Amino acid sequence: MKELSQQEWKEQYENDENAFLLDVRTDEEYEEKHIPNSTQLDIFQAQKFMDEVNEFDKSKNYYVYCRSGKRSAQACQILDQVGVENTYNLQGGIMEWEGETN
């Protein structure tokens, strides 16, 4: 897992042809505001989260965010454990995000 600043994360994600954008917040948080083209998977739903993560394409580069950066850091560690090679955590989460949102 790499911790990236808001600017580094945004630039790297936007220039990565092999990127997968993952939001690990709750359904309610996602509905309120999210980064366009993100896939939402609630880390608090542990079994569902693990089932889905185990099916992920391990060759993708995963850009992960949550509200403040804590849950996404946990998610990156889990992804690393199941064999994903490249995970990038958004420091500060969506609370500090200045890019586009839906």
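Structure summary
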{"read-out": "Rg and Dmax [Cα atoms of the chain; Å; Rg one decimal, Dmax integer]", "value": "12.2, 33"}
{"read-out": "Amide H contacts of Glu3 (H built 1.01 Å from N, under 5 Å, at least 5 apart or other chain)", "value": "Asn89"}
{"read-out": "The chain: GluC sites (Glu not before Pro) in DSSP coil with no more than 12 other Cβ atoms inside 10 Å", "value": "Glu17, Glu85, Glu98, Glu100"}
{"read-out": "Calculated [θ] (222 nm, deg cm²/dmol) that DSSP helices of n ≥ 4 give over the chain, each run adding -39,500 (n - 2.57)", "value": "-10500 deg cm²/dmol"}
{"read-out": "Packing rank of 33-43, 70-80, where each peptide gets the mean count of other beta carbons within 10 Å, highest leading", "value": "70-80, 33-43"}
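No lab work stands behind these numbers, since they all come straight from the coordinates. Nothing here was measured: the structure is a model prediction, and the numbers come from that model. We place every Cβ from the backbone using ideal geometry, glycine too, and count neighbours over all the protein chains shown.
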